[in-house]
1. Pairs to check: LYS17/LYS38; LYS33/LYS136; LYS17/LYS136. Give those whose C-alpha atoms are more than 24 Å from each other in this structure.
2. Evaluate the charge dipole of the range 82-134 about its Cα centre and quote only its size in Debye, nearest 20, assuming +1 on the Cβ of each Lys and Arg and -1 on the Cβ of each Asp and Glu.
Amino acid sequence: MLKKAKSSRKGNEDLLKLRDAALQLGISFPTIKQWIYKKKIRSLQTAGGHHRIPQGEIDRLLFRTRGKTEPERKEVVRRVSGRNQLVGRIEAVRISGLMAEIVISIGGQQITSIITSRSAREMQLKAGQTAAALIKATEVMILRVG
């Protein structure tokens, strides 16, 4: 949960700590500091000299960088890396406690992913749906099969 502070300066707009603002924007803490110094993002300073980011600034940047409409935002997410996405059909969704096991069939092969049950519910994953497996790995192993 994000920690928020109220400000009387701008109509009681929510103010976020830098780490929370960076998390919402999907950027690093040093990047948000640079954006403040370069005036790419508006911040307010507390009496102690700490920067706070108005929620409106976060919304403005998310709107600009992630698409104006829901379909545009989904398309931006899909453009993460075409090389690492495998599209297939969901074969099974097994939710147990905090975790969910998702099995996707891709070209006669199966990929199994373990995600949080909350994510599975939010995405409303069900068997038979089309889904993409986004592969992120630091190494690839090769196994001789024949």
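Computed from the coordinates by the stated procedures, all read-outs in this text should not be read as laboratory data. Note that the structure is a prediction, hence the values are computed from the model and not measured. Backbone-built Cβ (ideal geometry, glycine too); neighbour counts: all protein chains shown.
1. Numbers: LYS17/LYS38 18 Å; LYS33/LYS136 28 Å; LYS17/LYS136 29 Å.
Beyond 24 Å: LYS33/LYS136; LYS17/LYS136.
2. Numbers: 6 positive and 3 negative charges, 15 e Å.
The calculated dipole for the range 82-134 is roughly 80 debye.
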